[in-house]
Amino acid sequence: MASGRMMSLRGLICLIVVLAVTSSAVIATPVEVGTGVNTAGMYIEWSDGFVAEFEINFGETGSDTITGADLMLTLDSELADFTLGYTNWGSEENPDLFIDSIEYLGHSNSGYGGGADWWHYWIKDVGRTEWTAPFYG
């Protein structure tokens, strides 16, 4: 009987530890920024395991589109805790960004590491079931 209680106590402790670790690594509710009639989702996972999801609102009509660079610039301009390190080789109207760092709530990835140590970019349009990597991402 006592060994059964001990096993239950150990199981409860393990569950609490797992919940504490996983809940600290993820922001469960997407952070909403921007204004407009359209919404784009963005999911960012840092190398330390921290994950954040964002909903970026944009556009005056349903047919308006947005680029990945514009999504990142919106987060950078509208969230005080989000910092994007980049070089813009394009113009303000037509950015061509080289992103070198992303920081949010004390979690950061910076410097070009290549491969899995660096960031990757995928897109999924409304009505699609699969994420795809654009030729430029």
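The values are calculated or read from the model by the stated rules, or taken from the named source; none is laboratory data. All values derive from a computational prediction rather than experimental measurement. All Cβ positions, even for glycine, are placed from backbone atoms using ideal geometry, and neighbour counts span all protein chains on display. In case anyone asks, the SASA skips ligands and DNA or RNA and just uses the protein heavy atoms, side chains included. Shrake-Rupley method; radii C 1.70, N 1.55, O 1.52, S 1.80 Å.
Computed values, structure above
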item: Simple label model, 7 Å out from Cα along Cβ direction - residue 47 to residue 105, nm; result: 2.1
item: Accessible surface of residue 103 - all protein chains present, 1.4 Å probe, nearest 10 Å²; result: 80
item: Enclosed volume per residue, in Å³, of the convex hull spanned by Cα atoms of the range 30-85; result: 79
item: Two-site FRET efficiency, residue 61 against residue 89, from Cβ-Cβ distance with R₀ of 30 Å, rounded to 0.05; result: 0.50
